[in-house]
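So the structure is just underneath, and the comments pick up after that.
The values are calculated or read from the model by the stated rules, or taken from the named source; none is laboratory data. The shown structure was predicted, so the numbers you read here are calculated from the model rather than taken from an experiment. Ideal geometry is used to build each Cβ from the backbone, glycine not excepted, and the neighbour counts take in all protein chains shown. Heads up: the accessible areas ignore ligands, DNA and RNA and are worked out on the full protein's heavy atoms, side chains in. Shrake-Rupley method; radii C 1.70, N 1.55, O 1.52, S 1.80 Å.
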Amino acid sequence: MTLETISTNKSHEGVQGVYSHASTSTHTNMTFSVFIPPHKEGEKLPVIWYLSGLTCTHANVTDKGEFRKACAELGFIFVAPDTSPRGPDLEGNSVPDDPNAAYDFGLGAGFYVNATKAPFDKHYKMRDYIEKELPEIISANFPADMSRQSIMGHSMGGHGALTIALRNPDRFKSVSAFAPIVSPLNCPWGEKALSGYIGDDKSSWREYDTCALIADGARTPSIRVDQGEADAFLTEQLKPSMLEAACKQAGVSLTLNMHEGYDHSYYFISTFMADHLNWHAKYL
Ligand SMILES: N[C@@H](CCC(=O)N[C@@H](CS)C(=O)NCC(=O)O)C(=O)O
């Protein structure tokens, strides 16, 4: 596998890079960003995975997430993948230039699942990409200590981070999320995505639903969630009280911080990004 370097920029004495490669999971080219903090030659560093939300590429958090200062201080590698396969000829795409194209399905909305329903099953394999392919690429090409990994995400990416952590308890030391979708079974974004990618049998959605995974016995060492109270998606889509109830019922450790006045945007995420990274540092 050849990694193409799109760009590298010195930042906070480290290097912010953007890379692309031909993916064996999605059968498309995939682009991701990696921040490497300053470090001693030969040193291996913990890895923070950041999964983005609807409409995003790697670039949203890379440009607006304000993670580099804290990552440089803490010595964390920060990896930001894309949110879906992309390409003009992609079967199952929303049409990129169509003003009526959905923002919550198809391009930029892979939901971190392995699609099983045609035509999406050809390319929409974001679960395999994040769980299997990209870790191997990070391990082979960057000074990563793969025995020290944590994961975080925003909204759809918060859903991705939580479900991937719950399904891979030995891989991640901690998981955190900004304004996550906590139950795709119980919100319009989730119902649309999972019926489109997986089909109508809701029992097969449970491995992609944080609350259902916890109810079914999945565990992860520690969960932190931060949620803005002025988030326009709070009541209809995000429903953090469902996660609170699921964790309480199952005896799972959850720190849920509600923040007055904050919305769903990167102004909110960037405000609490350093707090999240310092929280992960306790486990890494
Ligand atoms: N109003 C947004 C809804 C999607 C949205 O808020 N996306 C969030 C993640 S769920 C995001 O991070 N957007 C990109 C950004 O703020 O840079 C749109 O239509 O694009």
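Just to check your reading of the model, which residue among Val61, Val47, Val79 is in a helix (DSSP H, G or I) and within 16 Å of the chain's Cα centre (by Cα)?
Values: Val47 fails: in a helix (DSSP H, G or I); Val79 fails: in a helix (DSSP H, G or I).
Testing whether each residue is in a helix (DSSP H, G or I) and within 16 Å of the chain's Cα centre (by Cα) leaves just Val61.
Being modelled with pLDDT of 95 or more, over 24 Å from Asn60 (Cα atoms) and of a type in the set (Asp, Glu) is true of Asp216. Restricting the stretch 85-106 to residues that are in contact with a Gly (Cβ under 9 Å, 6 or more places away or on another chain) and within 13 Å of the ligand (Cβ to nearest atom) leaves a set whose member that is modelled with the highest pLDDT is Phe105.
Select from the stretch 131-175 the residues that are within 16 Å of the ligand (Cβ to nearest atom) and among the polar types (S, T, N, Q) and write down the one among them that is nearest to Phe272 (Cα to Cα).
Initial filter on the stretch 131-175 (within 16 Å of the ligand (Cβ to nearest atom)): 152-163.
Right, trim to among the polar types (S, T, N, Q) and you get 155, 163.
Working: Ser155: 15, Thr163: 21 Å.
Result: Ser155.
Between Arg219, Arg224, the distinction of being open to solvent by 20 Å² or more (accessible area, probe 1.4 Å), in a strand (DSSP E or B) and either touching a residue at least 40 places away in the same chain (Cβ under 8 Å) or touching a Phe, Trp or Tyr at 6+ places or on another chain (Cβ under 7 Å) (or both) belongs to Arg224 only. Per this entry, Ile198 is counted among residues that are open to solvent by 10 Å² or more (accessible area, probe 1.4 Å) and touching a helix residue (DSSP H, G or I) at 6+ places or on another chain (Cβ under 9 Å). How many residues, within the stretch 118-167, are open to solvent by 40 Å² or more (accessible area, probe 1.4 Å), assigned to a loop (DSSP other than H, G, I, E, B) and at pLDDT 95 or above? Qualifying residue count, the stretch 118-167: 0.
Residue-wise test of (1) in contact (Cβ under 8 Å) with a residue 24 or more places away in the chain; (2) at positive phi; (3) among the β-branched types (Val, Ile, Thr); (4) open to solvent by 20 Å² or more (accessible area, probe 1.4 Å).
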position	(1), (2), (3), (4)
Pro38	yes, no, no, yes
Pro46	yes, no, no, no
Ser52	yes, no, no, no
Cys56	yes, no, no, no
Thr62	yes, no, yes, no
Arg68	yes, no, no, yes
Cys71	yes, no, no, no
Gly75	yes, yes, no, no
Ala80	yes, no, no, no
